[in-house]
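Taking it in order: structure first as structure tokens, then the write-up.
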């Protein structure tokens, strides 16, 4: 039995406890799905990704999510892993993946034109990013979006914001009071398909994207009394 197999149960129990503070959109079940997706993607890519780094980073990917934490509350991923007994090099790699996994950061770097050789070439980062995005799409993405909206008292549907011809207003002209669960699809979730980095991630994203489009069409049909 490898050291990872010995340490993994302790890590899983810690993650389950840590994520219990979050709402159902970012709970242990989300982490568990992302871990499974990441391992599936890791088996599909060319070359030899670090499977241990992929699995551990997937388990810890939401630990420093800015939606839930202030910067002063940042969790020391590398320090925690080393305290469990993981090697320093692996711990540092996982820490770096977790720090760069968020879609928000990805967009910020792109907007600033910041090109980083490590971010562009780290296949383990790309795998975890794709896995996280896939769980934001499709049936689970729809449920997670509704769960997060409910936890923040955000409208599920806004008759003023959501039922209108394209293009939808950009996020910077939408006030928090006007925001809605359905608007989040137009503001973010429908863009995820074109940001995938692995071949298998691209393939899996297509059907999940189509399912979201079907869902939004059904919402419009029901609101307009066409169904």
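Overview of values
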read-out: Residue 93, sole failed condition from (1) touching a helix residue (DSSP H, G or I) at 6+ places or on another chain (Cβ under 6 Å); (2) closer than 23 Å to residue 21 by Cβ; (3) crowded, with 17+ Cβ neighbours inside 10 Å; value: (2)
read-out: Given (1) touching a helix residue (DSSP H, G or I) at 6+ places or on another chain (Cβ under 7 Å); (2) more than 14 Å from residue 127 (Cβ to Cβ), number of the condition residue 3 does not satisfy; value: (1)
read-out: Qualifying residues in segment 150-165 (those that are assigned to a loop (DSSP other than H, G, I, E, B) and in contact with a helix residue (DSSP H, G or I) (Cβ under 8 Å, 6 or more places away or on another chain)) - the one modelled with the lowest pLDDT; value: 163
read-out: Selection status of residue 84, more than 18 Å from residue 127 (Cβ to Cβ), loosely packed, with under 12 Cβ neighbours inside 10 Å and either at pLDDT 95 or above or over 18 Å from the mean Cα position of the chain (by Cα) (or both); value: no
read-out: Subset of segment 175-218 that is over 18 Å from the mean Cα position of the chain (by Cα) and assigned to a loop (DSSP other than H, G, I, E, B) - its residue that is modelled with the highest pLDDT; value: 179
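The values are calculated or read from the model by the stated rules, or taken from the named source; none is laboratory data. Computed from a predicted structure; not experimentally measured. Using ideal geometry, Cβ is built from the backbone for each residue, glycine included, and neighbour counts are taken over all protein chains shown.
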